[in-house]
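J.: Have a look at this one before I ask anything.
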Amino acid sequence: MNQKRKSSYLRRLFSFVFLLAMVFLIGNAFITVDYNKGISGWSSIIRLNLAKLKMCKIQFRSPGSETLPRGIVASTSDLEMRPLWGAKRNKNPKPNLLAMAAGIKQKESVNKIVKKFRSSEFVVMLFHYDGAVDEWKEFEWSETAIHISVINQTKWWFAKRFLHPDIVSAYSYIFLWDEDLGVEHFDATRYVSIIKEEGLEISQPALDPNLSEVHHQLTARDKKSRVHRRTYKAIGRARCSENSTGPPCTGFVEMMAPVFSKAAWRCTWHMIQNDLNHGWGIDFQLGYCAQGDRTKNIGIVDSEYILHLGLPTLGGSVENKTGSGQFDKTESRHSSDKSKPSSTSQMSSGRSEVRKQTYAELETFKHRWKNAVKNDECWIDRFQS
């Protein structure tokens, strides 16, 4: 009897242990599935956060705006005037910019130039190098023009400081002109239409070779052409031909009346040296800013041509030209007074010093370019022959 009871007890115990084991195994299976699901969920969250972090690191943010939410950043601007009160004027923004160095002695010439640029298509900005600003109020367009006045500074000095690419990015074309230009045969609207059709990133109106001061044969007007991009004439030792690939035969404009696309200007602005006022030397390197092939993307517009008087305004001059392009040879009233230095003599001396400075800056720019090329191991000269 004892043996039977013992056997029955063992069977019950075995059944209980077996049942307990089955409960444990089944329960453990459910716990493992839930655990794996939990691990998988956390793993997905971690992966998403890491991907987001990586994406945020890759995203470019303007220097200085890193602590701001992206949507609040206004990285560009323009030169449009805004009302102090009331509703914003409902008008289309002007697509192009005319920026000029201007002195009050040349106000008639400047007035004629500005009138060639339609007020609906161009913002006008004047760089006053003589300090005279109020004297321009007689012209109707002066009220809506941007006036910046700093004594005895050049067009390039102003451009480097007030035409930053982010400021003028709203404008398709930037006309950076001198004041001593005759525009009788020029229309700005037609000019813009032509350079768009021709795909010119950098351009200038051709110069009337009979009445202009022409420094480079390439910029002289070709009466038989609407636009030309090269010259075939011998220039000093340079033999210009169809195979010529760079200045002074092709890929070049002078600096008195250049016109830049916004992309070309962004590049050119970076090339303007902050401490070199006169900009000499930049013209021969503009091809690097032509957004591609300089022999195609830089050109001279013949159908819209101008007259370049070549007035030496900064530093004074011995003789001043009139609007007709002729010299005014009127002598100073003190020219016969030997006891005092004449105003003519003083102006001549000042102009001579300006001329010396321009040549010195040209050599400085050449030296900097040469060193920059030498020291930049990653730079590739796309025009190297």
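The values are calculated or read from the model by the stated rules, or taken from the named source; none is laboratory data. No experiment lies behind these values; they were computed from the predicted model shown. So basically every Cβ, Gly included, is an ideal-geometry build from the backbone, and we count neighbours across all protein chains shown.
J.: Criterion first (charged (D, E, K, R), farther than 20 Å from T268 by Cβ and in contact (Cβ under 8 Å) with a residue 60 or more places away in the chain) does D180 satisfy it? Walk me through it before giving the result.
T.: Details: charged (D, E, K, R): yes; farther than 20 Å from T268 by Cβ: yes; in contact (Cβ under 8 Å) with a residue 60 or more places away in the chain: yes.
So D180 passes the test.
J.: Would a scan of segment 180-189 turn up a residue that is under 19 Å from E80 (Cα atoms), in the same structural domain as G279 (by TED's automatic domain parsing), hydroxyl-bearing (S, T, Y) and not in a loop (DSSP other than H, G, I, E, B)?
T.: Quick first cut of segment 180-189, residues under 19 Å from E80 (Cα atoms) only: none.
No, the conditions are met nowhere in segment 180-189.
J.: Something else: Given the conditions (1) without any contact (Cβ under 8 Å) to a residue 60 or more places away in the chain; (2) more than 15 Å from V123 (Cβ to Cβ), which single one is not true for H147?
T.: Here H147 meets the rest and fails (2).
J.: Moving to a separate point now. Where residues in segment 155-209 are within 22 Å of G310 (Cα to Cα) and among the polar types (S, T, N, Q), which of them is farthest from the chain's Cα centre (by Cα)?
T.: My answer is Q204.
J.: Please enumerate the residues belonging to segment 253-271 that are over 8 Å from the mean Cα position of the chain (by Cα) and more than 24 Å from K94 (Cβ to Cβ).
T.: E254, M255, M271
J.: May I ask you to list the residues in segment 355-384 that are touching a residue at least 40 places away in the same chain (Cβ under 8 Å) and either of a type in the set (V, I, T) or more than 21 Å from P312 (Cβ to Cβ) (or both)?
T.: Of everything in segment 355-384, those that are touching a residue at least 40 places away in the same chain (Cβ under 8 Å) and either of a type in the set (V, I, T) or more than 21 Å from P312 (Cβ to Cβ) (or both) turn out to be T358, T364, K366, R368, W369, R382, F383.
J.: Related question: Among the residues of segment 321-334, is any surrounded by 14 or more Cβ atoms within 10 Å (Cβ to Cβ), modelled with pLDDT under 50, under 22 Å from G131 (Cα atoms) and in contact with a strand residue (DSSP E or B) (Cβ under 8 Å, 6 or more places away or on another chain)?
T.: Yes: segment 321-334 contains one or more residues that are surrounded by 14 or more Cβ atoms within 10 Å (Cβ to Cβ), modelled with pLDDT under 50, under 22 Å from G131 (Cα atoms) and in contact with a strand residue (DSSP E or B) (Cβ under 8 Å, 6 or more places away or on another chain).
J.: Another question, then. Testing E135 on (1) out of contact with any helix residue (DSSP H, G or I) (no Cβ under 7 Å at 6 or more places or on another chain); (2) over 29 Å from S193 (Cα atoms); (3) at pLDDT 95 or above, one condition comes back false. Which one is that?
T.: (1)
J.: Just give me the residues in segment 279-309 being touching a residue at least 60 places away in the same chain (Cβ under 8 Å), surrounded by fewer than 20 Cβ atoms within 10 Å (Cβ to Cβ) and charged (D, E, K, R), in sequence order.
T.: Of everything in segment 279-309, those that are touching a residue at least 60 places away in the same chain (Cβ under 8 Å), surrounded by fewer than 20 Cβ atoms within 10 Å (Cβ to Cβ) and charged (D, E, K, R) turn out to be K296, D302.
J.: Which ones in segment 219-237 are surrounded by 13 or more Cβ atoms within 10 Å (Cβ to Cβ), of a type in the set (G, A, S) and over 17 Å from T295 (Cβ atoms)?
T.: Correct list: A220 only.
Yes/no per residue for (1) in a helix (DSSP H, G or I); (2) exposed (fewer than 15 other Cβ atoms within 10 Å of the Cβ):
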residue: S169; (1), (2): no, no
residue: I174; (1), (2): no, no
residue: K196; (1), (2): yes, yes
residue: Q204; (1), (2): no, no
residue: N210; (1), (2): no, yes
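J.: So which of S193, S203, S212 is out of contact with any Cys (no Cβ under 8 Å at 6 or more places or on another chain) and modelled with pLDDT under 95?
T.: Details: S193 fails: modelled with pLDDT under 95; S203 fails: modelled with pLDDT under 95.
After applying the criteria, what remains is S212.
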